[in-house]
Structures are given as C-alpha cells and as structure tokens.
Amino acid sequence: QLSDGAAASADGAAQLADGTGELADGLAQGAEGTSSLEGLDPEETAGVVAEPVVTEATRANEISTFGEVVAMLIGPIGLWLGAMTLFLVFRPLRREALETTAPTSTLVARTLFRGSLVGLAQAAAVVLLMHTVLGVAWALLPQTLAFSALLAVVFTAIHAFLSAWLGRIGTVVSLVLVVLQLAASGGVYPLEIVSGPYQAISPFLPLTWAVQGMQLIVSGAGGSGVWAAAGALMLFGVLGVAGTAIVVARRRGIRTAPRLAPVSA
C-alpha cells in the first residue's frame, strides 16, 4: 500500500509540475498583453473596467420651478372661475332680455361679446401674473396671451350655455366641474395614476385641454400639441354657442307662445 501511495504521489507531483508550467506560460502572456495599456491614465482605465457602461438621463422641456407649475394651473382655472363669476353676478340672460324683440342670434351674440370682453380683461390680468410673479419667461408672452384669450372666449361660451340652460344652478354645476376636472385633467396628478373613470372622461373635459396646452407653452415645448389643445377648445366653444342659441330660442318660444282663453260653458 505504501508503494502504491508513493507511486500515486509521484504522479500527482508530475501533474502539479505541468500545471505550474502552464500557469507560468499564462502569466507570461498576460504580461505581454498589459503592454498595450501603457500610456493610459490609470484612474480612467480603472473607471472603465469598474463601470464599462454609463447612462445619462436628460429631460426635455422641463418645468423646474414651483411658479411654472402654478402658472399652468392658475391660468385655466382662474379663467374658468372668472367666467362663472361673470354669469353669476351679471346674469345677462334675464327675463327682460329674453322678452325683447331682438332676434335670438343678436341676443346671444351680444351676450357672448360682452362676456368675452370681460374675459379678455381677465386673461390679460392672469397672463401678467404668470410672467411677473410666477416666473414664466417673457419670451413666451405671445403664446400665453393668445392661448389665454382663447380660453376666456371658450369658457364664456360654456358658462353662457350653463346659465341659459340651468340658471343659478349652472353655477353649482360649474363648481362641481372644476373639482372633477382638476382630478381628471392631469395637471395635479399624472393621468396614469388616477382611477379608470377619470381617465375615461378626461378627453371630454375642457380643462383637460386647457391645462395640457398651457403646460406645453410654459415648458417651452409648443408645437402641434398646443394646436391640438386649441382645436379641442374651439370645438367646446362652438358647442357652447350652439347650445346657448338653442336654449334661448326655446325659452323665448315658450314665453311668447299664445295663451288659449278659457272656454265658457
């Protein structure tokens, strides 16, 4: 047994010698390969070896300040509430106006024209606030002013319809719509994290497009997204004008309908 063990040990020693030779050859080849790294910065080389792939993230059209976030919300919401207050305080479609002999188209056009003038003044005040207090770049003034003017006219048409259709109850509906649209517009919270019903109704709410368009303008993105928002808002405005004309014509028709005299027995 001792003789066999000694023979096996001799064989293992021979294999160890062979492995040691192979290791020496490998080290020699590695030494030759390191010659290609001569002249390189050791720190940079170590950095490449430790982290061969580096990613850098950049954000285009970033809204970086709190003032810009407030600006993209206060513009649409302020003009919505301004139009609501206008029809709550002045109530241009009173009974006396409906009983005049002026054509319905003239009555509606006059109401919308006067309301839009007040709305445009509100839009100018809101835009001035955005650029002076909230820090929106003055270079964006033409875009913010034009878009705010569009919002003022569209919101005037929408509230004219609510006022003609529901009277003072239209104010309550307008307030409810403000709360609903804040959650569904994507301005306060990303639309992807709100519940499914809000995501479903979001495209059908005017403040969604108003906030989206103002956000694109304030961030400096502009482009086709702003035009898409403006087109959607114009559609809401047309529907508001048409709805107001229909409701006013119907109310005037009911008021002017002849009354039948009672039939005596």
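The values are calculated or read from the model by the stated rules, or taken from the named source; none is laboratory data. Every value quoted in this text rests on a predicted model; they were computed, and no experiment measured them. Note that each Cβ is placed from the backbone with ideal geometry, even for glycine, and that neighbours are counted across all protein chains shown. Each accessible area value is taken on the protein alone, full model and side chains, heavy atoms only, with ligands, DNA and RNA left out. Shrake-Rupley method; radii C 1.70, N 1.55, O 1.52, S 1.80 Å.
Every test in (1) aromatic (Phe, Trp, Tyr); (2) open to solvent by less than 20 Å² (accessible area, probe 1.4 Å); (3) at pLDDT below 95 is passed by Trp138 save one, and that test is (2).
Filter the range 126-165 for residues that are more than 17 Å from Trp80 (Cβ to Cβ) and of a type in the set (Gly, Ala, Ser) and give the result. The answer is Gly135, Ala137, Ala139, Ala146, Ala164.
So, Val241, is that one closer than 24 Å to Leu134 by Cα and out of contact with any strand residue (DSSP E or B) (no Cβ under 8 Å at 6 or more places or on another chain) or not? No; evaluated as a whole, the condition is false for this residue.
Considering Phe161, Phe147, which residue is under 20 Å from Leu117 (Cα atoms) and open to solvent by 50 Å² or more (accessible area, probe 1.4 Å)?
Values: Phe147 fails: open to solvent by 50 Å² or more (accessible area, probe 1.4 Å).
Result: Phe161 is the single residue among Phe161, Phe147 that is under 20 Å from Leu117 (Cα atoms) and open to solvent by 50 Å² or more (accessible area, probe 1.4 Å).
Answer with yes or no whether Thr244 is part of a helix (DSSP H, G or I) and touching a residue at least 40 places away in the same chain (Cβ under 8 Å). Write out each step before concluding.
Values: part of a helix (DSSP H, G or I): yes; touching a residue at least 40 places away in the same chain (Cβ under 8 Å): yes.
Spelling it out, Thr244 is indeed part of a helix (DSSP H, G or I) and touching a residue at least 40 places away in the same chain (Cβ under 8 Å).
Set side by side, the residues Ala123, Ala102 differ, and just one is in contact with a helix residue (DSSP H, G or I) (Cβ under 7 Å, 6 or more places away or on another chain) and either among the aromatic types (Phe, Trp, Tyr) or open to solvent by less than 60 Å² (accessible area, probe 1.4 Å) (or both), which is Ala123.
Results for (1) open to solvent by less than 40 Å² (accessible area, probe 1.4 Å); (2) out of contact with any Phe, Trp or Tyr (no Cβ under 7 Å at 6 or more places or on another chain); (3) at pLDDT below 80, shown as yes or no for each residue.
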residue: Ser3; (1), (2), (3): no, yes, yes
residue: Gly12; (1), (2), (3): yes, yes, yes
residue: Glu32; (1), (2), (3): no, yes, yes
residue: Thr55; (1), (2), (3): no, yes, yes
residue: Ala71; (1), (2), (3): yes, yes, no
residue: Leu88; (1), (2), (3): no, yes, no
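Given the options Val226, Val173, name the one that is under 15 Å from Phe155 (Cα atoms), open to solvent by less than 60 Å² (accessible area, probe 1.4 Å) and either assigned to a helix (DSSP H, G or I) or out of contact with any Lys or Arg (no Cβ under 8 Å at 6 or more places or on another chain) (or both).
Values: Val226 fails: under 15 Å from Phe155 (Cα atoms).
On inspection, the qualifying residue turns out to be Val173.
The single condition among (1) assigned to a helix (DSSP H, G or I); (2) more than 19 Å from Ala232 (Cα to Cα) that Tyr189 does not meet is (1).
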